[in-house]
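Quick notes on the structure that follows.
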Amino acid sequence: MRLKISLLLIPFCFGLLQVSNGQTVQQNSNGLKFSVSFDQSVHPSNITGRVYVMISRKEGRDPKSQVGVNGVPFWGMNVEGLAPGQGAAIDDKVFGYPLESIKEIPAGDYFVQGFINIYTEFKRSDGHTLWMHNDMWEGQDWRRGEGNLFSAVKKVHIDPAKPETIELVCTSANPAVKIPEDSKMVKRIKFKSKLLSDFWGQPIYLGATVLLPNGYDEHPDKFYPVNYQHGHFGLGVPFGFRDPSAPAAASGRPDQGFTGFWMSDTCPPMIAINILHPCPYYDDSYAVNSPNVGPYDDAINQELIPMLEQKFRIIRQPYARILSGGSTGGWISLAQQIYHPDFYGGVFSSCADPVDFHYHQIVNIYDDPNAYYVEFDWNRIERPDTRRTDGNVRSTMANENLFELVAGDKSRSGGQWDIWEAAFSPIGPDGYPMRVWDKRTGIIDHAVAAQWKKYDLHVYLEENWPKIGKDLVGKFFIYTGDMDSYYLNNAMELLDGFLKKTKDPYFDGLVEFGRKQPHGYGPRGPELVKLMAKQVEKNAKK
């Protein structure tokens with residue numbers, strides 16, 4: 001359904017179900033309702049969290065797996081102290097996406113499912129107490145979070161004009177995520193970070209998936225350069241490598257090409273490490289020290305990397321440490337090189353997230369009045385968010401943000417826009433991130449936006465180039481498609497303009513724009529490994 005402009009203007013409320021003395025306080029509605037409850041057998045105690053209802057016209061897949069920006073309708077509301085057997089009422093006052101209210105559901109037959117996202121209490125060291133989804137190594141995806149509850153799919157006939165309560169009882173819980181076993185060449189690390197656990201008041205874990213070079217065990221005295229990879233959380237192996245000695249290799253799946261290269265004599269020997277740092281807001285932390293997210297930069301560079309370099313035979317010198325990443329990882333890897341200019345020896349950054357907030361994708365957060373639309377005298381145009389390389393728009397700014405608002409208020413959706421707020425915004429009076437714009441209307445808060453400047457990479461480089469430029473010469477290798485799917489090329493053009501004009505010293509690196517290329521443009525696999533090895537060799541000669 002096309003998002004209606006009126007959706008951006010009409011105020012709405014998010015239901016908070018509070019349970020006191022066994023009584024349920026519900027919004028007053030005499031029409032259609034969904035009642036979502038859970039059985040004591042799957043969760044014996046009261047729940048504080050968020051309750052959802054999802055509907056689909058399609059049979060076969062659970063509606064919860066069909067939720068997305070262009071997915072099936074769903075509605076969400078917070079609950080506090082919901083007891084086993086008690087129903088949380090999703091009525092026509094509860095906000096949803098892409099249908100604002102359940103009264104907008106066309107009459108017909110649907111497959112319906114209830115879901116409960118369980119929150120954990122975090123008593124942070126800054127004095128704030130927050131309720132958040134606690135990542136259980138699933139990558140901050142509430143739909144897959146361990147212990148979260150869901151009902152069986154029920155086929156029902158819905159007519160919003162008729163008063164009816166559709167009961168959905170959650171009788172199943174998501175299983176724990178299974179971490180793959182180590183093999184000869186692939187090792188996995190998961191450890192409790194003291195810095196982050198002290199900040200959050202709950203155990204917080206960092207991790208890594210380590211790909212060793214061919215012959216590592218056979219040459220116990222040899223040390224190797226390292227590629228530190230950043231990006232979205234995942235338990236897969238760097239570059240998609242499949243260890244021939246691992247049990248999964250017996251499945252008969254064909255090798256995709258990189259494994260053969262990595263095992264060959266033509267592959268430059270190095271260690272590749274995928275850094276894992278999910279946080280209570282997202283599947284990664286953006287590796288910054290942030291008032292909302294906590295000291296993730298410190299934890300990664302003071303706890304995780306020293307531990308990895310002690311455990312594995314890594315050359316502990318800047319020339320041998322090379323960063324890489326794409327998209328979110330493109331921003332993180334570039335930021336890590338900038339913030340630690342003399343610790344890393346180069347960065348290969350592809351399709352980086354916004355590096356200048358004059359183009360936060362397509363929004364100038366410093367000057368634009370509204371993130372969702374551009375207003376003219378007699379008209380206003382919705383801002384696009386995602387496009388194809390032919391220019392066709394896949395979603396708008398309002399689409400993605402309103403989807404996140406249903407998934408979770410107070411920046412708790414686990415979504416892209418919410419982690420940017422968590423990473424870059426100051427803390428609000430309630431302990432949650434301050435909104436850079438009103439999530440309902442798109443109106444930008446320029447006082448909050450001004451606080452983002454300390455994380456604006458272009459601004460940071462321009463202000464600090466006289467001090468850090470000498471340690472960054474020849475270390476930037478940046479790639480972006482000039483038709484990036486999320487308009488990320490706009491911000492990169494601004495950064496490129498600055499870098500090309502640098503003097504004393506000149507940056508002496510590479511910023512490459514791929515003609516008509518979408519999100520994801522940049523070297524990969526064997527090509528990337530060879531480029532990184534060349535950078536190590538150049539550094540070593542210096």
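Worth pointing out:
- Amide H partners (placed H, <5 Å) of ILE443, local residues excluded: ALA371, ASP438
- Residues of type lysines that LYS190 reaches as a straight line, Cα spacing below 19 Å, ignoring anything fewer than 8 places off in the same chain: LYS178, LYS311
- Most positive-pole-ward Cα, ASN289, HIS519, ALA83, against dipole of the chain from beta carbon charges: HIS519
- Antiparallel bridges, percent of DSSP beta bridges restricted to the chain (to nearest 5): 65 percent
- Amide H contacts of GLY514 (H built 1.01 Å from N, under 5 Å, at least 5 apart or other chain): THR480, GLY481, ASP482
- Cross-link reach list, lysines versus LYS501, counting only Cα pairs under 30 Å and skipping chain neighbours closer than eight places: LYS453, LYS454, LYS467, LYS470, LYS475, LYS516, LYS530, LYS534, LYS538, LYS541, LYS542
- Highest mean first, the peptides 337-347, 529-539 sorted by other C-beta atoms within 10 Å per residue fall in the order 337-347, 529-539.
- Count Lys and Arg as plus one, Asp and Glu as minus one, and take only other residues whose Cβ is under 11 Å from that of TYR319; the net charge is then +4.
- Hypothetical label at GLU80: residues of segment 113-154 whose amide nitrogen lies under 20 Å (7 Å Cα-Cβ projection): 116-124, 127-134
- Remark: ILE362, ILE179 ranked as ILE179, ILE362, counting other beta-carbon atoms within 10 Å and listing the fewest first.
- Net charge, TYR432 excluded, C-beta distance under 15 Å - Lys, Arg +1, Asp, Glu -1: -2
- 5 angstrom amide H check on ILE166, placed H, neighbours 5+ away: LYS33, PHE34, SER35
- Backbone N within segment 287-330 under 18 Å of label point (7 Å from LYS470 Cα along the Cβ vector): 318-319
- Estimated dipole of the chain in Debye, rounded to 20 [Cβ of Lys and Arg +1, of Asp and Glu -1, Cα centre]: 880 debye
- Within the chain, helix-based [θ] at 222 nm, where runs of 4 or more DSSP H residues each add -39,500 (n - 2.57), nearest 500: -5500 deg cm²/dmol
- Between helix 488-500 and the chain: long-axis angle, C-alpha atoms, 0 to 90°, nearest 10: 30 degrees
- Computed from backbone phi with θ = phi - 60° and the Karplus coefficients 6.51, -1.76 and 1.60, the 3J(HN,Hα) list for segment 48-57 is 10, x, 9, 10, 10, 10, 10, 10, 8, 8 Hz; x is used for glycine and proline.
- Ordering TRP452, LEU494, PRO429 by the projection of their Cα atoms onto the charge dipole of segment 408-498, which places +1 on the Cβ of Lys and Arg and -1 on the Cβ of Asp and Glu, puts PRO429 at the extreme positive end.
- With the highest mean first, a sort of the peptides 449-457, 38-46 on other beta-carbon atoms found within 10 angstrom per residue produces 449-457, 38-46.
- Charge dipole magnitude, Cβ of K and R +1, D and E -1 - segment 251-325, Cα centre, debye nearest 20: 240 debye
- Gain in span if fully extended, SER45 to ALA176, counting 0.36 nm per residue against the direct Cα distance: 45.3 nm
- With the highest mean first, a sort of the peptides 385-394, 167-176 on other beta-carbon atoms found within 10 angstrom per residue produces 167-176, 385-394.
- 3J(HN,Hα) from dihedral phi, segment 81-92, Karplus parametrisation 6.51/-1.76/1.60, rounded to Hz, x for glycine, proline: x, 5, 8, x, x, 8, x, 9, 8, 8, 10, 6
- Between 0 and 90 degrees, the angle of helix 397-407 with respect to the longest Cα principal axis of the chain falls at about 70 degrees.
- Excluding same-chain neighbours fewer than eight residues apart, the lysines reachable from LYS33 by a Cα-Cα span under 16 Å are LYS93, LYS103, LYS154, LYS155, LYS162.
- For GLN86, the shell of other residues with beta-carbons less than 13 Å away shows a net charge of -3, using +1 for Lys and Arg and -1 for Asp and Glu.
- Relative contact order of the chain, defined on C-alpha pairs under 8 angstrom at six or more residues apart (%): 13 percent
Bear in mind that the values in this text are calculations on the coordinates, not laboratory data. Here the structure is a predicted model, which is why all the values come from computation and not from measurement. Here Cβ is always computed from backbone atoms with ideal geometry, including for glycine, and neighbour counts include all displayed protein chains.
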